[in-house]
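Novice: This is the structure I want to talk about, given as structure tokens.
The values are calculated or read from the model by the stated rules, or taken from the named source; none is laboratory data. Keep in mind that what you see is a predicted model, and the values were worked out from it rather than measured. Cβ atoms come from the backbone with ideal geometry, glycine included; neighbour counts cover every protein chain shown. Keep in mind that these areas ignore ligands, DNA and RNA; they rest on the heavy atoms of the full protein, side chains included. Shrake-Rupley method; radii C 1.70, N 1.55, O 1.52, S 1.80 Å.
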Amino acid sequence: MADKVALRHGFEHHELMELAEGMHAFMADLYSHLQKEEQILFPLVKKLEHGANDLP
Ligand SMILES: [Fe+2]
């Protein structure tokens with residue numbers, strides 16, 4: 001959505017271009033965080049839930 005707004009109004013409001021770039025950086029960080037949770041944290045929580053005590 002930020003890209004769409006920036007493409008439509010970014011020529012008159014340059015800050016919208018910066019906002020869109022910031023959103024891209026934020027989303028990249030967020031997806032990386034979510035991926036780590038899915039691959040590392042949540043499997044660890046499941047192991048703990050089932051009584052595992054050989055955690056890293
Ligand atoms: Fe989180």
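Novice: Hey, what's the chain come to in accessible area per residue, 1.4 Å probe, Å²?
Specialist: Values: 5070 Å² over 56 residues.
Normalised by residue count, the accessible surface of the chain is 90 Å².
Novice: Counting only Cα, what are the radius of gyration and maximum Cα-Cα distance Dmax of the chain, in Å?
Specialist: That works out to 19.3, 59 Å for Rg and Dmax.
Novice: Rounded to the nearest percent, how much of the accessible area of the stretch 2-49 (1.4 Å probe, protein heavy atoms only) is carbon and sulfur? Spell out each step's value before the answer.
Specialist: Values: 2690 of 4200 Å².
Result for the stretch 2-49: 64 percent of the exposed heavy-atom area is carbon or sulfur.
Novice: Work out from phi, with θ = phi - 60° and the Karplus expression 6.51 cos²θ - 1.76 cosθ + 1.60, the ³J(HN,Hα) of each residue of the stretch 36-41, listed in order in whole Hz, and give x for Gly and Pro.
Specialist: 4, 4, 5, 8, 10, 5
Novice: Excluding E21 itself, calculate the net charge of residues whose Cβ lies under 12 Å from the Cβ of E21, where each Lys or Arg counts +1 and each Asp or Glu counts -1.
Specialist: Values: positive: none; negative: D3, E15, E18.
Net of charged neighbours comes to -3.
Novice: Right, something else. Suppose the chain between K46 and D3 were pulled fully straight at 0.36 nm per residue; how much longer would it get relative to their current alpha carbon spacing?
Specialist: Additional length available on full extension: 11.7 nm.
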